[in-house]
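**Student:** Quick one: structure below, then a few questions.
The values are calculated or read from the model by the stated rules, or taken from the named source; none is laboratory data. Remember, predicted model here, so these are calculated numbers, not experimental data. Please note: Cβ atoms are built from the backbone with ideal geometry, for glycine as well, and neighbour counts cover all protein chains shown.
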Amino acid sequence: MLRTIISCFVMPTHRAFTRSFSSGLTKGLAKVFINALTRDLTSCDSNRHTKPRPASHRTHIVSCQRTLYSYLFGCIGLLGWTIAEGSNNTLEEVTVTATLLNEASPALSATVLAEPQMQQRGAVHLENLISLAPNVASSSGASRNRFFQIRGIGERSQFVEPINPSVGILLDGIDLSGSGGALTLYDLQQVEILRGPQGTLMGANALAGLIALRSTGTDSAIREITAGLENNGGRHVGARLGGTLADGLSGRMAFQQFQSDGFVNNQWLDRDDTNQRDELTGRAALRWQAAKHALEVAAYYTDIDNGYDAFSLDNTRSTLSDEPGEDDLTLKAARLNWDYRGNAYKSLLQMSHAKTLSTYSYDEDWSYVGIAPGWEYSSFDQYRRDRSMSSAEWRLLSDTPTPNTWALGVYVRKESEALRRDYTYLSSPFHSDIDTLTTALFGQINHDINEQLAGFVGARVEQRNSDYVDNAGVDRSFDLSYWTGRAGLIWQYQSDQQLYVTVSRGARAGGPNARLLASIDALPAANQDALSRLGTYEEETLLSLELGWVTFWPEYQLRSQLSLFAMDRQDQQAKASLVIPRSDGSTAFIDYTDNAAAGIHRGLEWEATWRPTESLTWNASIGLLDAYFDEYISATGEDLSGRSQPQSPEWQYSLGATWALHQRVSLHLEAVGSDDYFFSDRHTVNAPETHQINASLSGQHRAWQWTLWGRNLTDKNTFTRGFGTFGNDPRKEYRLEAYRQYGEPRMVGFTLQYRFTERPK
């Protein structure tokens, strides 16, 4: 019934949106709220991950709808009663700054995660935090989660081919899309997750959404050292210093060293550190502020030296590898920002350069020589990427209280990436180079129609020129032009109540299937003809409709945001693979990117913060998602139409409460959960339904602050990646079976901070 629920809220805009939906409301969501709801709804159909049911089931659907509505109204009534009993307190204002407008953007579906939430979770990396955001997920085939998905859209892995990321990642405006492994959270003021197509107000173009990390500003006066311990040999130490240096001059420095043995045991080598982490983060900034000018320079350094030994033939956290891999990354970046405020406008200029050098390797056989004589093989695979990116972004913004406000920008980015692959079964290393020049013109205008109604329209035109060459004989150039846009209406029917509707268009560039192109000549002639069309994949476009309701009731200290969305993807880029016999009798296993005809993503997101008393704060979020292939017949002839999209759980939730037990002691409890979902487009191996409990106890005394925290306290198994299309165990004669990479188990830790300037009493 999830599809039915969503379709009740989202108006159809395309033939694909008019389909009748009938899959059942997930039992997991019902468990989150009340057992009675579970009992009533389990009678509804729950045949998920299949094609829609026929119209004959409509009577049953209506019955399920009535049940759901009755409980929803009951919950609303209960909430109203409890609010009436609460006291009046002040909630902190939440501001989204990813657009560099330093103001909340209109009609924007966004989640803002601040430093206190990072401390409550003991979060060192972004993947420790994102479960608080609805319809956001992450995946990994390395020591840490590298890739992120928003509303079921995003990459999950990278091997030979370059990728065009669906999810943009910015660190203080520096585009690090596709380099998620470089993201650490120390000395960040907040993390902003913007859902839906972006690009009319910023340089980075993002099909699914944007994750923006914002460092603490130079004007924040602080001198602090931090140290912490956690299980599995985890330890970290950090220091940060910032504030005013002279009249109009401020600066900031921060660094953190994090180390851990990891949570994998290698039985063959008798080691517990083959999946270890050793990460150093450093940042520095200097800012000069005058009457109309501001100049800021900043430098960033990240050195990640992690091991990678995650997959087990026995599907446990105990591995048998004799050649553990590595997951290393070095980031060196710098930026220059110049802001100028005129009489009626603001001018913002940012120039940046980022260079990353990464090494990713793994023991392909997951075992050791001698495990099964006569059946075994030994193979090692390594990828080294040298990536450089330089960008310049200039924008001009109106700065007057007129009925019309506007933003206009120009963006230029030059990227280069060199890959070297060393693989056991290659006669010599594989080399490839890709150079890309991106130029874009973007802008948006907002117009106040009257005191309550406003509208906006924005557009982006982008030109992308790429040259790809490798030593396998592939030499391709791509010259692509595409446009994106956004328009909407905002109804401010009360001072703190807002309704909005937006229509957005997103796009993602195509590219080469280099590995497939290099392999075609070795295939039989019949296969060459059939696969010639797969040498490249085409641009993907997305049309999104979103309805939103943003509210704040100051008398109840309740802030809420509800959004309903429907997205139609055309020429959707989908990961696929082929297993094809070569002319010499061997077999080729080839990964490539295909274009599905269409995909549908629709859902609901709700976030709320409520402070009923001075000592108690509640936070909650719910994400419902119905994402599936509308039309897709793979190159192998398999009809995947109606199949659920990967990394797309039908529901996610978080529910947390913070109690001030004493003036300087607080307790935080949190429950998070997610439905099961497929790992891949290519197989049915899934991540199971999960529910986790997190908690923290924090205290403060003068200059000292401490936090005792725990994640996944019930030690539920979680998984970050899965395979289901091959066998890899020589002991079982390579029988096909499913394999999964485990996520982190129960984690507990203690963090201690000392601030040289005493904290406010």
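So that you can scan it fast, the table gives a plain yes or no per residue for (1) at negative phi; (2) over 24 Å from the mean Cα position of the chain (by Cα); (3) surrounded by 21 or more Cβ atoms within 10 Å (Cβ to Cβ); (4) assigned by TED's automatic domain parsing to the domain that holds Phe456:
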{"site": "Ser477", "(1), (2), (3), (4)": "yes, yes, no, yes"}
{"site": "Leu489", "(1), (2), (3), (4)": "yes, yes, no, yes"}
{"site": "Leu516", "(1), (2), (3), (4)": "yes, yes, yes, yes"}
{"site": "Thr536", "(1), (2), (3), (4)": "yes, yes, no, yes"}
{"site": "Leu564", "(1), (2), (3), (4)": "yes, no, yes, yes"}
{"site": "Gln570", "(1), (2), (3), (4)": "yes, no, no, yes"}
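**Student:** Can I ask one more? Test each condition in (1) within 16 Å of Pro134 (Cα to Cα); (2) at pLDDT below 95 for Val672 and report the one that comes out false.
**Tutor:** For Val672, the failing item is (2).
**Student:** For segment 212-238, give me each residue that is β-branched (Val, Ile, Thr) and touching a Phe, Trp or Tyr at 6+ places or on another chain (Cβ under 6 Å).
**Tutor:** Kept after step one, since they are β-branched (Val, Ile, Thr), are these residues of segment 212-238: 216, 218, 222, 225-226, 237.
Result: Ile225, single match.
**Student:** Out of the residues in segment 657-676 that are crowded, with 20+ Cβ neighbours inside 10 Å and touching a residue at least 40 places away in the same chain (Cβ under 8 Å), state the one that is farthest from Thr718 (Cα to Cα). Break it down stepwise before answering.
**Tutor:** Taking segment 657-676 first, the residues crowded, with 20+ Cβ neighbours inside 10 Å are 658, 666, 668, 670, 672-675.
Filter once more, so that each one left must be touching a residue at least 40 places away in the same chain (Cβ under 8 Å): 658, 668, 670, 672-675.
Working: Thr658: 25, His668: 22, Glu670: 17, Val672: 12, Gly673: 11, Ser674: 10, Asp675: 12 Å.
Here the residue is Thr658.
**Student:** Scan segment 302-323 for residues that are buried (at least 16 other Cβ atoms within 10 Å of the Cβ) and either under 24 Å from the mean Cα position of the chain (by Cα) or part of a strand (DSSP E or B) (or both) and jot them down.
**Tutor:** Thr302, Asp303, Ile304, Asp305, Asn306, Gly307, Tyr308, Asp309, Ala310, Phe311, Thr319
**Student:** Can you name the residue in segment 344-401 that is in a loop (DSSP other than H, G, I, E, B) and more than 30 Å from Gly727 (Cβ to Cβ) and, of all such residues, is nearest to the chain's Cα centre (by Cα)?
**Tutor:** Only one residue fits best here, namely Asp399.
**Student:** Looking only at segment 384-398, decide whether some residue is farther than 30 Å from Val469 by Cα and small (Gly, Ala, Ser).
**Tutor:** Checked segment 384-398: at least one residue is farther than 30 Å from Val469 by Cα and small (Gly, Ala, Ser).
**Student:** On to the next question. What's the number of the only condition in (1) farther than 29 Å from Gly122 by Cβ; (2) in contact with a His (Cβ under 6 Å, 6 or more places away or on another chain) that Ser641 fails to meet?
**Tutor:** For Ser641, the exception is condition (2).
**Student:** Counting only residues that are in a loop (DSSP other than H, G, I, E, B) and among the aliphatic types (A, V, I, L, M), which one in segment 690-720 is farthest from Ser131 (Cα to Cα)? Lay out the reasoning, then the answer.
**Tutor:** Initially, segment 690-720 is screened for residues in a loop (DSSP other than H, G, I, E, B), giving 702-703, 712-718.
Still in the list and also among the aliphatic types (A, V, I, L, M): 703, 713.
Details: Ala703: 31, Leu713: 15 Å.
Here the residue is Ala703.
**Student:** So which of Arg271, Arg277, Arg235 is under 30 Å from Asn315 (Cβ atoms) and surrounded by fewer than 17 Cβ atoms within 10 Å (Cβ to Cβ)?
**Tutor:** Details: Arg271 fails: surrounded by fewer than 17 Cβ atoms within 10 Å (Cβ to Cβ); Arg277 fails: surrounded by fewer than 17 Cβ atoms within 10 Å (Cβ to Cβ).
Selected residue: Arg235, the only one of Arg271, Arg277, Arg235 that is under 30 Å from Asn315 (Cβ atoms) and surrounded by fewer than 17 Cβ atoms within 10 Å (Cβ to Cβ).
**Student:** Right, next: If only one of Ala372, Ala344, Ala407 is out of contact with any Cys (no Cβ under 7 Å at 6 or more places or on another chain), under 30 Å from Arg515 (Cβ atoms) and hydrophobic (A, V, I, L, M, F, W, C), which one is it?
**Tutor:** Working: Ala344 fails: under 30 Å from Arg515 (Cβ atoms); Ala407 fails: under 30 Å from Arg515 (Cβ atoms).
Within the list Ala372, Ala344, Ala407, the selection yields Ala372.
**Student:** Cβ-Cβ distance below 8 Å, separation of 6 or more or different chains: which pairs start in segment 502-519 with a residue that is within 18 Å of Asp435 (Cβ to Cβ) and end on one that is of a type in the set (Gly, Ala, Ser) and crowded, with 23+ Cβ neighbours inside 10 Å?
**Tutor:** Final answer for the pair search is Ala514/Ser432.
**Student:** For Asp571, are the conditions met, namely being in a strand (DSSP E or B), modelled with pLDDT under 95 and touching an Asp or Glu at 6+ places or on another chain (Cβ under 7 Å)?
**Tutor:** Details: in a strand (DSSP E or B): yes; modelled with pLDDT under 95: yes; touching an Asp or Glu at 6+ places or on another chain (Cβ under 7 Å): yes.
Against the criterion (in a strand (DSSP E or B), modelled with pLDDT under 95 and touching an Asp or Glu at 6+ places or on another chain (Cβ under 7 Å)), Asp571 qualifies.
**Student:** Out of the residues in segment 394-436 that are under 28 Å from Val461 (Cα atoms) and among the charged types (D, E, K, R), which is modelled with the lowest pLDDT?
**Tutor:** Checked segment 394-436; the qualifying residue modelled with the lowest pLDDT is Asp399.
**Student:** A follow-up question, please. Looking only at segment 458-491, filter to residues that are outside any strand (DSSP E or B) and modelled with pLDDT under 90; which one of those is nearest to Thr436 (Cα to Cα)? Step through it out loud before you land on a result.
**Tutor:** We begin by selecting, within segment 458-491, every residue outside any strand (DSSP E or B); these are 471-474.
Remaining after also requiring modelled with pLDDT under 90: 472-474.
Working: Ala472: 20, Gly473: 19, Val474: 16 Å.
Step by step, filter segment 458-491, then rank; the result is Val474.
**Student:** Within segment 721-753, can you find the residues that are β-branched (Val, Ile, Thr) and either part of a strand (DSSP E or B) or outside the structural domain of Asn265 (by TED's automatic domain parsing) (or both)?
**Tutor:** Step one: of segment 721-753, the residues β-branched (Val, Ile, Thr) are 725, 748, 751.
Once the filter is applied, which keeps residues that are β-branched (Val, Ile, Thr) and either part of a strand (DSSP E or B) or outside the structural domain of Asn265 (by TED's automatic domain parsing) (or both), segment 721-753 yields Val748, Thr751.
**Student:** While we're looking at this one, here's another question. If you take the residues of segment 107-147 that are assigned to a helix (DSSP H, G or I) and free of Cβ contacts under 8 Å to residues at least 60 places away in the same chain, which of them is surrounded by the most Cβ atoms within 10 Å (Cβ to Cβ)? Give the steps one after another, and end with the answer.
**Tutor:** Residues of segment 107-147 that are assigned to a helix (DSSP H, G or I), as a first pass: 115-121, 126-128, 130-132.
Next cut, free of Cβ contacts under 8 Å to residues at least 60 places away in the same chain only: 116-117, 127.
Numbers: Pro116: 15, Gln117: 19, Glu127: 22.
By that ranking, first place goes to Glu127.
**Student:** With the requirement that a residue be under 22 Å from Tyr677 (Cβ atoms) and over 25 Å from the mean Cα position of the chain (by Cα), what does segment 612-631 give you?
**Tutor:** Filtering segment 612-631 for residues under 22 Å from Tyr677 (Cβ atoms) gives 620-631.
The one that is under 22 Å from Tyr677 (Cβ atoms) and over 25 Å from the mean Cα position of the chain (by Cα): Glu631.
**Student:** May I pose another question? Would you check which residues across segment 232-266 are more than 27 Å from the chain's Cα centre (by Cα) and under 18 Å from Pro745 (Cα atoms) and list them?
**Tutor:** Gly233, Asn265, Asn266
**Student:** Filter segment 423-447 down to residues that are of a type in the set (Gly, Ala, Ser) and outside any strand (DSSP E or B) and give me whichever is surrounded by the fewest Cβ atoms within 10 Å (Cβ to Cβ). Walk me through how you get there before you give the answer.
**Tutor:** We begin by selecting, within segment 423-447, every residue of a type in the set (Gly, Ala, Ser); these are 427-428, 432, 440, 443.
Next, only the ones that are outside any strand (DSSP E or B) stay: 427-428.
Details: Ser427: 5, Ser428: 8.
Filtering segment 423-447 for residues that are of a type in the set (Gly, Ala, Ser) and outside any strand (DSSP E or B), the one surrounded by the fewest Cβ atoms within 10 Å (Cβ to Cβ) comes out as Ser427.
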